[in-house]
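Take a look at the structure below.
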Amino acid sequence: MHPGGRYPGLRVAAFLAAIFIPAGITTAFLPLWLADRGLSAAGIGQVLVISTFGRLLATPGWGRLADRFGGRRAVLAAAAALAMLASLAFLPAQGFAVLLLATVAQGASASALMPVADALTLALAQTRGRLDAAAEEQAIKSLRHLPAAVSAVLALEGR
């Protein structure tokens with residue numbers, strides 16, 4: 001049997017959809033949710049900028065960790081678990097400092113998901129001799145979050 005299992009492309013596509021659908025919804029609604037939690041427009045901007053900077057700093061570290069230990073799947077699983085736990089911190093979060101900490105923690109842990117998943121996708125494509133398929137997947141995944149965001153907006157508007 002192939003090292004990626006019987007349907008490795010389907011598993012990769014499902015995983016990437018599981019990343020992009022919530023990301024699309026979050027991107028559309030996080031500022032509104034932060035406002036509902038009492039942050040001002042300036043506070044929302046600060047949270048979003050600081051969390052983006054945190055993701056930028058964390059991303060290379062995840063790649064180095066995966067490369068150093070050769071366990072891309074383990075790093076991906078750990079990062080996904082940490083991102084999920086950090087997401088749960090949003091539920092009781094109130095106030096600028098707590099919301100900032102939750103947003104930075106979730107963003108920093110989730111920042112590993114795409115680059116490490118990309119490395120796994122490319123490794124899978126190489127073993128199958130299908131690097132062209134990996135390029136197609138990259139193009140498709142770039143568009144996945146848009147339908148999720150639009151669907152969420154329409155659902156909230158009651159359409």
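The values are calculated or read from the model by the stated rules, or taken from the named source; none is laboratory data. In this text the structure is predicted, and so the values were computed from the model without any measurement. Using ideal geometry, Cβ is built from the backbone for each residue, glycine included, and neighbour counts are taken over all protein chains shown. Protein only, heavy atoms only, side chains kept; ligands, DNA and RNA dropped before computing areas. Shrake-Rupley method; radii C 1.70, N 1.55, O 1.52, S 1.80 Å.
Brief remarks on what is shown
- Within the stretch 111-142, the set of residues being modelled with pLDDT under 75, under 30 Å from Phe90 (Cβ atoms) and open to solvent by less than 20 Å² (accessible area, probe 1.4 Å) comprises Thr121, Lys141.
- Scanning the stretch 29-79 for residues that are on the phi > 0 side of the Ramachandran plot and in contact (Cβ under 8 Å) with a residue 40 or more places away in the chain gives a single hit, Gly38.
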